[in-house]
């Protein structure tokens, strides 16, 4: 039977969950202890991968180590964020892949991982962990903020090259970043010699979505200004239409809060989003009179 997450307290607030919906990723810098990072590095070096760069697909040897489960998979800050987004009793990773890369190298092609589905549901999370310092010179992963809502064929994505507005995940050892599974990403260009290890794994939802994170007293889901102001300040990637993106981010937030029906009731009525700039609809909009 797949192991489940124990009773770990959620760590994300309403605002942080909305930010995840908006950007599609969350970076937790340096949350794994230095001694654990060193132990992970020693374990990887003691168990070399026959495949060389890239490692072996679905290699789960570290997942059999109790210390690794405790210090990384159930790391309080990372697991608390996962708990916030996937709810109680989330299934723990069943496999792990080490994206080992010997530098220097050119940038990888943009891609989204296999079996990606686009939409507002968040039923699993893809997580990455750097056991060593990973500056830009070692080619950390780049992500395209907001691209978890941006559909494109994989054969087209690889032709884009440099894209304006991308975000680097360059970070200190012990950093974990959590992503919506379909986000666009790639290994960045590396310029310095060295080896970069990056462990990738997934957590899975095992409970219906509900607003089961840290609720902010002044965060009102029924307040138009609350969402409008929060998303206005966040910016939108040039590849995304701002009103479509706000609609997508809000819909994902309402889905995570278990309020899908409330979101649908807001569409085209007195609240946002309605497919055009907020606060511009006439009174009684979408309230049709009886036909005689």
Looking at (1) outside any loop (DSSP other than H, G, I, E, B); (2) without any contact (Cβ under 8 Å) to a residue 24 or more places away in the chain, find the lone condition where residue 142 falls short.
(2)
Select from the stretch 165-176 the residues that are touching a helix residue (DSSP H, G or I) at 6+ places or on another chain (Cβ under 9 Å) and not in a loop (DSSP other than H, G, I, E, B) and write down the one among them that is farthest from residue 39 (Cα to Cα).
167
Could you check, for the stretch 26-38, whether at least one of its residues is part of a helix (DSSP H, G or I), at pLDDT 95 or above and touching a helix residue (DSSP H, G or I) at 6+ places or on another chain (Cβ under 6 Å)?
yes
The residue that is farthest from the chain's Cα centre (by Cα), considering only those in the stretch 183-195 that are surrounded by 20 or more Cβ atoms within 10 Å (Cβ to Cβ) and over 17 Å from residue 129 (Cα atoms), is 190
Residue list for the stretch 71-85, restricted to those being touching a helix residue (DSSP H, G or I) at 6+ places or on another chain (Cβ under 9 Å) and either surrounded by fewer than 17 Cβ atoms within 10 Å (Cβ to Cβ) or closer than 16 Å to residue 207 by Cα (or both)
79, 81, 84, 85
Near pairs, Cβ below 8 angstrom, 6+ apart or cross-chain, from the stretch 19-31 (on the phi > 0 side of the Ramachandran plot) to any residue that is in a loop (DSSP other than H, G, I, E, B) and modelled with pLDDT under 95
24/145; 24/146; 24/183
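Could you list, in sequence order, all residues of the stretch 9-25 that are assigned to a loop (DSSP other than H, G, I, E, B) and surrounded by fewer than 19 Cβ atoms within 10 Å (Cβ to Cβ)? Give the steps one after another, and end with the answer.
Within the stretch 9-25, the first condition is being assigned to a loop (DSSP other than H, G, I, E, B), and the residues that meet it are 9-12, 24.
9, 11 - these are the residues of the stretch 9-25 that are assigned to a loop (DSSP other than H, G, I, E, B) and surrounded by fewer than 19 Cβ atoms within 10 Å (Cβ to Cβ).
Which of the residues spanning the stretch 207-219 are in contact (Cβ under 8 Å) with a residue 12 or more places away in the chain and farther than 15 Å from residue 255 by Cα?
In the first step, residues of the stretch 207-219 are kept if they are in contact (Cβ under 8 Å) with a residue 12 or more places away in the chain; the result is 207-216, 219.
Answer for the stretch 207-219, where residues must be in contact (Cβ under 8 Å) with a residue 12 or more places away in the chain and farther than 15 Å from residue 255 by Cα: 214, 215, 216, 219.
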With the structure loaded, tell me whether residue 79 is part of a helix (DSSP H, G or I), closer than 22 Å to residue 180 by Cα and within 22 Å of the chain's Cα centre (by Cα) or whether it fails that test.
yes
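From the set of residues in the stretch 100-125 that are part of a loop (DSSP other than H, G, I, E, B) and more than 18 Å from the chain's Cα centre (by Cα), which is surrounded by the most Cβ atoms within 10 Å (Cβ to Cβ)?
Step one: filter the stretch 100-125 for residues part of a loop (DSSP other than H, G, I, E, B), giving 100, 106-110, 112-123.
Then keep just the ones that are more than 18 Å from the chain's Cα centre (by Cα); that gives 100, 106-109.
Values: 100: 19, 106: 10, 107: 14, 108: 17, 109: 13.
For the stretch 100-125, the residue satisfying everything is 100.
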Kindly evaluate residue 209 against the criterion of being on the phi < 0 side of the Ramachandran plot, at pLDDT below 95 and either assigned to a loop (DSSP other than H, G, I, E, B) or out of contact with any strand residue (DSSP E or B) (no Cβ under 9 Å at 6 or more places or on another chain) (or both).
no
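The values are calculated or read from the model by the stated rules, or taken from the named source; none is laboratory data. On a predicted model such as this, the values are computed, not experimentally measured, just so you know. Note: ideal-geometry Cβ built from the backbone for every residue, glycine included; neighbour counts use all protein chains shown.
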